[in-house]
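These notes concern the structure reproduced below.
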Amino acid sequence: MHTFVIILQVLLAIALLILIAITEDKNEQGGGVMGLGAAGGRSAGEVDMVVGLERITKPASRWVGGAFLAVSVVAAFGTKAVTIWHFLIVGVLYIIAMLYGGVVWETICGTRQKVK
């Protein structure tokens, strides 16, 4: 079981690196970290809404990053301690954090906008 957790952690790390490399930052003119962010499309700075590849990579980076964090916590338990219950508990906490984490963070920071 621990070997599966480590392999999953490595795969998530690679996926996260790729997503971060191709995600375009608002300050960049024509590409992500490696120049791949806006390849074949218009820049997000041209319009007010998210367009092109950025529409997929930003949320995917958030979900993969959260999954990597959750799997890393499970991997820290040790060889004999990881059971299916650990995956279920971490999975439920992960889904709750991904669905409501933004709302909680905006409320704590005071940046949450009131719905009219």
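The values are calculated or read from the model by the stated rules, or taken from the named source; none is laboratory data. Since we're looking at a predicted model, the values are computed, not measured. Note that each Cβ is placed from the backbone with ideal geometry, even for glycine, and that neighbours are counted across all protein chains shown.
With respect to the conditions (1) under 24 Å from VAL5 (Cα atoms); (2) of a type in the set (Val, Ile, Thr); (3) at pLDDT below 80, VAL115 falls short on a single one, namely (1).
Look at LEU93 and say whether it is surrounded by fewer than 16 Cβ atoms within 10 Å (Cβ to Cβ), hydrophobic (A, V, I, L, M, F, W, C) and either modelled with pLDDT of 70 or more or in contact with a Leu (Cβ under 9 Å, 6 or more places away or on another chain) (or both).
Working: surrounded by fewer than 16 Cβ atoms within 10 Å (Cβ to Cβ): yes; hydrophobic (A, V, I, L, M, F, W, C): yes; either modelled with pLDDT of 70 or more or in contact with a Leu (Cβ under 9 Å, 6 or more places away or on another chain) (or both): yes.
The answer is yes for LEU93.
Listed here are the residues, each with its yes/no results for (1) modelled with pLDDT under 80; (2) part of a loop (DSSP other than H, G, I, E, B); (3) surrounded by 14 or more Cβ atoms within 10 Å (Cβ to Cβ).
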residue	(1), (2), (3)
VAL10	no, no, no
ILE18	no, no, yes
MET34	yes, yes, no
VAL64	no, no, yes
GLY78	yes, yes, no
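Residues in region 44-62 that are touching an Asp or Glu at 6+ places or on another chain (Cβ under 8 Å) and modelled with pLDDT under 75: ALA44, LEU53.
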